[in-house]
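These notes are about the structure you will find just below.
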Amino acid sequence: MGFQNASMNEIAARLGGSKATLYNYFPSKDAIFLEVVRGTAESQKAEVISFLEQQFPGLTENSQHRVDDVFLELQRSRDDISSTLRRFGVKFIGFVCSPEILAIRRLLIAESGRSEIGRFYYESGPKKGMERIAAFLLMAMERGQLRQVDAGMAAAHLRGLLESEVHERYQLNVDETISEERIVQAVNNAVEVFLAAYGVK
């Protein structure tokens, strides 16, 4: 229905309770939306972080199962940085292009001009996820896998490259589905460009 058209009456009706009960928990529709955003931000942050590190407390059992295979792949110390980034990239793009994440981002973009919700979401989710990606890249630099640069800048460039070929098209609903082959090709292109800029000669 969209944020503007979703009334407290409609929300209460779908929950199967009364509007008075709903107001006992949330003082306004904005407060409900903020809680949805907070939960989504925390979920997204946990997913992205888990792609890059071994210890990730606080994940639900369901989230843990979803990322176990990613963790096992990324922790292969014998692998080069290219293989690690490609595996991460495929999982990352599959996640940010998922219907749930696309839907919440569309709502956030629409509402961020009228409230602080967009800022809250960024601080709670994407910013923290980017900090952890930067930490992973910094470790790669210290191991001599990447050249020494500002890790935060490198993380921003990596994310931009990974999203460049596919994310906008799905955010704007130009394409309705994305194939595994398309994701893999886009990620391969992104990692190739990233390593051309940040790889060790």
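Only the coordinates and a few stated rules stand behind these numbers; no lab work does. Computed from a predicted structure; not experimentally measured. Cβ coordinates were reconstructed from backbone atoms using ideal geometry, including for glycine residues, and neighbour counts include every protein chain displayed.
Sequentially through region 152-158, phi angles give Karplus couplings (6.51, -1.76, 1.60; θ = phi - 60°) of x, 4, 4, 5, 5, 5, 4 Hz, Gly and Pro residues having no value and appearing as x. Seen from TYR170, the other residues with C-beta closer than 12 Å to its C-beta sum to a net charge of -1, counting Lys and Arg as +1 and Asp and Glu as -1.
Amide H contacts of LEU146: MET141, each under 5 Å away and 5 or more positions distant or on a separate chain (H built 1.01 Å from N in the peptide plane; Pro and chain starts excluded).
What's the local net charge at GLU111, with K and R +1, D and E -1, over the other residues with C-beta under 12 Å away? It would help to have the intermediate numbers written out before the result.
Details: positive: LYS29, ARG105, ARG106, ARG114, ARG119; negative: ASP30, GLU116.
That sum, taken over residues with Cβ under 12 Å, equals +3.
The residue among PRO126, CYS97, SER179 whose Cα reaches farthest toward the positive pole of the charge dipole of region 77-201, with charges on the beta-carbon of Lys, Arg, Asp and Glu, is PRO126.
Here is the tail figure for region 102-188: Cα pairs spaced more than 21 Å apart come to 47 percent of all pairs.
Backbone amide hydrogens, once placed in the peptide plane, bring ASP175 within less than 5 Å of TYR170, excluding anything fewer than 5 places away on its chain.
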